[in-house]
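One structure below.
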Amino acid sequence: MQREDVLGKALQLLEIKGIADTTLEMVANEANLPLDDLQRFWPDKEALLYDVLRYLSQQVDIWRRQLMLNEALSSEQKLLARYSALTECVSNNRYPGCLFIAACTFYPDPEHPIHQLADLQKRTAHAFTHELLTKLEVDDPTMVAKQMELVLEGCLSRLLVKRSQQDVDTAQRLAEDILRFAQCRSGGALT
């Protein structure tokens, strides 16, 4: 089995069971590997979690790059594409929530490598949103990016608990409203 296969299986378990309840034994069983083989590469849960979060971060970065290069989509569509991706996850009984936020609660020290990795992912997500908002020439793209990211974070956190498509739909609608309001403000409609 390939390293990416094991990380993918571990990611699925973390999405379903959460960080606290996922064990190395569960990952070994899911990957159909002896525990000793798994532990040669990941001696403990912390090492596996770090690699899974790195793997997830790389997958998200690839998705964002592909989205940015997609000339068939407008900047508005690119900003809201995350909600379509979440809808697809939910339709496949996957509830990604935000493992990066969850990881920070388990490793609250800002100097811990897992915490730093999670923080980097959040800053990268904000930069993605800010770049698209800047292209749209909205008023105060930094504040609007913070608002949109906060809505997304709330949606991801709710997915961990409620596992509801309704929360994704509500978050998307709120993000659309924030974007429309910001566009109206920069167009002078609200002055």
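Of everything in region 124-138 that is open to solvent by less than 70 Å² (accessible area, probe 1.4 Å) and touching a Ser or Thr at 6+ places or on another chain (Cβ under 6 Å), the residue that is farthest from LEU56 (Cα to Cα) is VAL138.
When GLN116 is tested against (1) over 26 Å from GLN166 (Cα atoms); (2) among the polar types (S, T, N, Q); (3) in contact (Cβ under 8 Å) with a residue 40 or more places away in the chain, only condition (3) is not met. Evaluated against (1) within 17 Å of ARG180 (Cα to Cα); (2) in contact (Cβ under 8 Å) with a residue 12 or more places away in the chain; (3) open to solvent by 80 Å² or more (accessible area, probe 1.4 Å); (4) hydrophobic (A, V, I, L, M, F, W, C), TRP63 falls short on exactly one condition, (1). Among the residues of region 14-34, some residue qualifies, meaning at least one is assigned to a loop (DSSP other than H, G, I, E, B) and among the acidic types (Asp, Glu).
Does region 42-51 contain at least one residue that is within 19 Å of the chain's Cα centre (by Cα), open to solvent by 70 Å² or more (accessible area, probe 1.4 Å) and aliphatic (A, V, I, L, M)? Checked against the condition, which is being within 19 Å of the chain's Cα centre (by Cα), open to solvent by 70 Å² or more (accessible area, probe 1.4 Å) and aliphatic (A, V, I, L, M), region 42-51 yields no hits at all.
Does ARG65 satisfy being more than 18 Å from LEU14 (Cα to Cα) and part of a helix (DSSP H, G or I)?
Working: more than 18 Å from LEU14 (Cα to Cα): yes; part of a helix (DSSP H, G or I): yes.
Yes: the conditions hold for ARG65.
The number of residues in region 93-123 that are open to solvent by less than 50 Å² (accessible area, probe 1.4 Å) and part of a helix (DSSP H, G or I) comes to 10. Regarding region 138-147, can at least one residue be identified that is acidic (Asp, Glu) and assigned to a helix (DSSP H, G or I)? No, that holds for no residue. Of all the numbered requirements in (1) basic (Lys, Arg); (2) surrounded by fewer than 16 Cβ atoms within 10 Å (Cβ to Cβ); (3) under 22 Å from GLU15 (Cβ atoms), ARG173 misses one, and that requirement is (3).
Exactly one residue out of VAL138, VAL151 is in contact with a Leu (Cβ under 9 Å, 6 or more places away or on another chain) and within 15 Å of GLU76 (Cα to Cα): that is VAL138.
Here is a check on your reading of the model: is ALA10 touching a Ser or Thr at 6+ places or on another chain (Cβ under 8 Å) and surrounded by 16 or more Cβ atoms within 10 Å (Cβ to Cβ)?
Values: touching a Ser or Thr at 6+ places or on another chain (Cβ under 8 Å): yes; surrounded by 16 or more Cβ atoms within 10 Å (Cβ to Cβ): yes.
For ALA10, the condition - touching a Ser or Thr at 6+ places or on another chain (Cβ under 8 Å) and surrounded by 16 or more Cβ atoms within 10 Å (Cβ to Cβ) - is met.
Scanning region 36-48 for residues that are in a helix (DSSP H, G or I), over 16 Å from LEU13 (Cα atoms) and not acidic (Asp, Glu) yields GLN39, ARG40, PHE41.
Please indicate, with yes or no, whether at least one residue in region 100-121 is in contact with a Ser or Thr (Cβ under 7 Å, 6 or more places away or on another chain) and not polar (S, T, N, Q). Let's see the steps before the verdict.
Start the filter on region 100-121 by keeping residues that are in contact with a Ser or Thr (Cβ under 7 Å, 6 or more places away or on another chain), which leaves 101, 117, 121.
Those still in the list that are not polar (S, T, N, Q) too: 101, 117.
Checking region 100-121: at least one residue is in contact with a Ser or Thr (Cβ under 7 Å, 6 or more places away or on another chain) and not polar (S, T, N, Q).
The values are calculated or read from the model by the stated rules, or taken from the named source; none is laboratory data. Computed from a predicted structure; not experimentally measured. Counting neighbours? That spans all protein chains shown, and the Cβs are built from the backbone with ideal geometry, glycine included. With ligands, DNA and RNA removed, areas are computed over all heavy atoms of the protein, side chains included. Shrake-Rupley method; radii C 1.70, N 1.55, O 1.52, S 1.80 Å.
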